[in-house]
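Contents: one structure, followed by commentary.
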Amino acid sequence: MKALTNKYLLLFLFLNFSVLTILGQRQMEHLDRGIIAVKQNEGFYIGWRILGTDPDNLAFNLYRKSGNTIEKINSQPLFGASNFIDKLAKTDENNTWFVKSIVNGVEKETLGSFSIPSNSPDKNYLSIPIKEKSGYIPNDVSVGDLNGDGKYDLIVHMTGKGADNSFKGITDPAVFQAYTLDGTFLWEINLGKNIREGAHYTQFMVYDLDGDGIAELVCKTADGTTDSVNQVIGDATKDWRDTDPKSPTFGKILKGPEYLSVFDGRTGKVISTTDYIPERGNIGAWGGKGGNGKNDNTGNRVDRFTACIAYLDGIHPSVVMCRGYYGRTVLAAWDFKDKKLTSRWVFDSKDKDNPFSGMGNHGLSVADIDDDGKDEIIFGAMCIDDDGKGLYTTGFRHGDALHVSDLDPDIPGLEVFGVHEIEEGTKGPGVALFSAGTGKVLFTDAMNEDIGRGVADNIDNTRIGAQMWWSGSRNLYDIKGNKIGDAPRSTNFLIYWDEDTSREILNSNYIDKYGYGRLFTAEGAKSNNGSKSTPALSADILGDWREELILRSDDNKELRIYSTTIPTTVRQYTLMHDPQYRLAIAWQNVGYNQPPHTSFYMGKGMKAAPKPNIILNTLSKN
């Protein structure tokens, strides 16, 4: 009897553990194999994605359909890296490639294929023609599955005349356009005259918030915002702009209602609108103590916005909209369920005496810093817990750049590397490395210097751990703070591009490998955002785990998606199934764009990436 009781007790514990494990899984998007083919001098490069939920021993067969003939082109099942060079495909035929996974010796149908027409032009990118809108050019891009087919689609922030918060002047309205990867135009949304255009105003989040297989678009809206079917939010007759050219706030919008809206990714129609949190309140009370946290009455401090997506309960994604960082900082978390937005929590640093005031950033990052399955928000020099309470602050004040990952594999947990603006009388380090979990400072430099940009990642494929460098310094540092060589000239972006797991340096329209030189130049394409030289997007949206580069063409008539054609032997599931990396793609367009990072160490000497604890949303059948 006792043995039977123990047996049932063990069964009870097992079932409860299993249920808790399932309940603790993050809901993430279901993807197809993301297969891509690129014509080369010696055949075609073929790449496809391994999913985070695939077993480690999953193998593939690769097929090519030429005309009406289907042929398996690998002689043995492909157990290694998910790329292949097809040297036998004929360029004068219509070719389509697809893969099938092999489970217990049996082939399974695999979603997705990629076709190249016969005698196609020799170009190393996918073209997304942009629907012309007079005076507008494509700028930042985000991705999500907008129709439930397992493929990423693009949402493009189209920009006309814009202005920074520190400048007055009338701007054009912000516009969003949506496209599929085959270049099909889907819809357009116009935020209207009561949303000012500029890098710090419109932060747009694209993510499947309710788990229905379709991504939503979330952003701040106002009177006159018009969705894809001309449905107007608020009162279209209202004009809340300051139209007096002699006014110090000419062109700014410091009156009138502010909203937060969710748009259907499939149609571009508005689904839900609510009042924006927080409201402006006293616009002269958003500064802080010392430095450039001082107050102003011209809208420079009050209208600084950031945003992100975070799994605050460890299962469902929430959207977090943020206002202010020079002084008062407010983060408002929202859940989207049953087509409605509901407030989850609000963090408010309130006034200059609060230790969290003035510690924000021109961007942010999201990560599970305490390994409890729930996300925290690393916002410059401070960290906000999953429950909306402040965890810690380093006290180093706000900055322009931020990098969060396992930068030092010798130390358990994640690290944060960032730069700080030291000006107008403030004191402190211009760069700092600290523990993401505790805020413990590990390294500082550039004391009392205003540092504009900085980067940390493993770029030296001969050394284990990340390297650090920043604007104004000629030195490259290892993650322990030792000088190890000359710093790269660029301090902007990063990308996984070649055959190893160290990262390459992305700047403007070119990619360099540290210590080796130029790997790639996107001829006829250009970057965004002036000296920041940032891509429209850099993310692992196609092929294997390496990242794609999206740039606009020189004439602004198309977006170009570049994918590596360098073979690799590294088998790695798609980075988009690492939750931290996927969330980084969502916030990449925020403020001063920053490159994404994984939740685990990637680079020289990396161990196998941990399996993500995720469950995939069902693909929509609509």
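The values are calculated or read from the model by the stated rules, or taken from the named source; none is laboratory data. Since the structure is predicted, the reported quantities are computational estimates derived from the model, not experimental observations. Please note: Cβ atoms are built from the backbone with ideal geometry, for glycine as well, and neighbour counts cover all protein chains shown. Areas reflect the complete protein model, heavy atoms only, side chains present, ligands, DNA and RNA absent. Shrake-Rupley method; radii C 1.70, N 1.55, O 1.52, S 1.80 Å.
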Heavy-atom surface of the chain, accessible at 1.4 Å and reported per residue (Å²): 39 Å²
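When only Cα pairs under 8 Å and 6 or more residues apart are kept, what is the percent relative contact order across region 95-172? Could you put the intermediate results ahead of the total?
Numbers: 79 pairs, mean separation 14.4, N = 78.
Reported relative contact order: 19 percent.
Given a Förster distance of 45 Å, report the FRET efficiency between Lys65 and Ser531 from their Cβ-Cβ distance, rounded to the nearest 0.05. Mind dumping the intermediate values first?
Working: r = 47 Å, r/R0 = 1.04.
Step by step, r from the Cβ atoms, then E = 0.45.
Please report, in whole Å³, the volume per residue of the convex hull around the C-alpha atoms of region 68-134. Each step should come with its number before you reach the end.
Details: hull volume 11.1 nm³, N = 67.
Cα-based convex hull of region 68-134, divided per residue, equals 165 Å³.
For region 366-426, which chymotrypsin sites (Phe, Trp or Tyr not before Pro) are both in a DSSP coil and crowded by at most 12 other Cβ atoms within 10 Å?
Values: sites: Phe379, Tyr392, Phe396, Phe417; in loops: Phe396.
Here no chymotrypsin sites (Phe, Trp or Tyr not before Pro) fit, given the DSSP loop and packing criteria.
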Relative pair counts by distance (%), Cα atoms of the chain, 20 Å bins: 20, 54, 24, 2, 0
For region 479-527 and region 314-344, distance of Cα centres in Å: 34 Å
Local electrostatic count at Gly428 - Lys and Arg +1, Asp and Glu -1, tallied over other residues with Cβ under 12 Å: -3
For region 37-54, 3J(HN,Hα) per residue [Karplus equation, 6.51 cos²θ - 1.76 cosθ + 1.60, θ = phi - 60°, Hz, x = Gly/Pro]: 10, 10, 5, 10, 5, 10, x, 10, 7, 10, x, 8, 9, 9, 7, x, 9, 6
The chain: angle of helix 2-23 to the longest principal axis, Cα-based, in degrees nearest 10: 60 degrees
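Could you list the GluC sites (Glu not before Pro) in region 405-434 that lie in coil according to DSSP, counting only those with at most 16 other Cβ atoms within 10 Å of their Cβ?
Numbers: sites: Glu415, Glu421, Glu423, Glu424; in loops: Glu421, Glu423, Glu424.
Sparse-neighbourhood loop GluC sites (Glu not before Pro): Glu423, Glu424.
Pop the C-beta distance of Ser113 and Asn282 into the FRET formula with R0 = 41 Å and round what comes out to the nearest 0.05.
Values: r = 57 Å, r/R0 = 1.40.
The computed FRET efficiency comes out at 0.10.
With an 8 Å cut-off on Cα pairs and a minimum separation of 6 or more residues, tell me the relative contact order of region 187-241 in percent.
Working: 84 pairs, mean separation 20.5, N = 55.
Answer for region 187-241 is 37 percent.
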Positive-end residue of Trp286, Thr329, Pro317, charge dipole of region 284-341 with Cβ unit charges: Trp286
Local electrostatic count, Phe114, Cβ distance below 15 Å [Lys/Arg +1, Asp/Glu -1]: +1
Cross-link table Lys168/Lys220; Lys72/Lys557; Lys100/Lys151; Lys131/Lys151; Lys65/Lys108, entries beyond 28 Å C-alpha to C-alpha: Lys72/Lys557
The chain, relative contact order in percent, only Cα pairs under 8 angstrom and at least six apart counted: 14 percent
Label-point gap, in nm, between Met447 and Asn124 - each point 7 angstrom along Cα→Cβ: 4.7 nm
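Can you tell me the length gained on complete extension of the stretch Lys389 to Thr438, counting 0.36 nm per residue apart and subtracting the Cα distance?
Numbers: separation 49, 0.36 × 49 = 17.64 nm, distance 1.43 nm.
Between Lys389 and Thr438, full extension yields an extra 16.2 nm.
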Long-range HN-HN contacts of Ser228 with modeled amide H, under 5 Å: Lys269, Val270
Whichever lysines have a C-alpha closer than 26 Å to that of Lys604, once near sequence neighbours (fewer than 8 apart) are set aside: Lys440, Lys480, Lys483, Lys513
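As an exercise, use a Förster radius of 56 Å and the Cβ-Cβ distance of Leu88 and Ser166 to find the FRET efficiency, rounded to the nearest 0.05.
Numbers: r = 59 Å, r/R0 = 1.05.
Computed FRET efficiency for Leu88 and Ser166 comes out at 0.45.
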Net +/- balance of residues flanking Lys131 in space, Cβ distance below 12 Å, scoring K and R +1, D and E -1: -1
Assigned charges on the beta-carbon of Lys, Arg, Asp, Glu; the chain dipole about Cα centre (debye): 200 debye
Computed helical MRE - 222 nm, the chain, DSSP H runs ≥ 4 contributing -39500 (n - 2.57), nearest 500: -1500 deg cm²/dmol
Distance (nanometres) between label positions extended 7 Å along Cα→Cβ at Asp239 and Asn613: 5.5 nm
Residue-span extension gain [Arg489 to Val232] - 0.36 nm each, minus C-alpha spacing: 87.8 nm
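Could you check how much of the accessible area of the chain is carbon and sulfur, as a whole percent, using a 1.4 Å probe?
Details: 12270 of 24520 Å².
Carbon and sulfur: 50 percent of the exposed surface of the chain.
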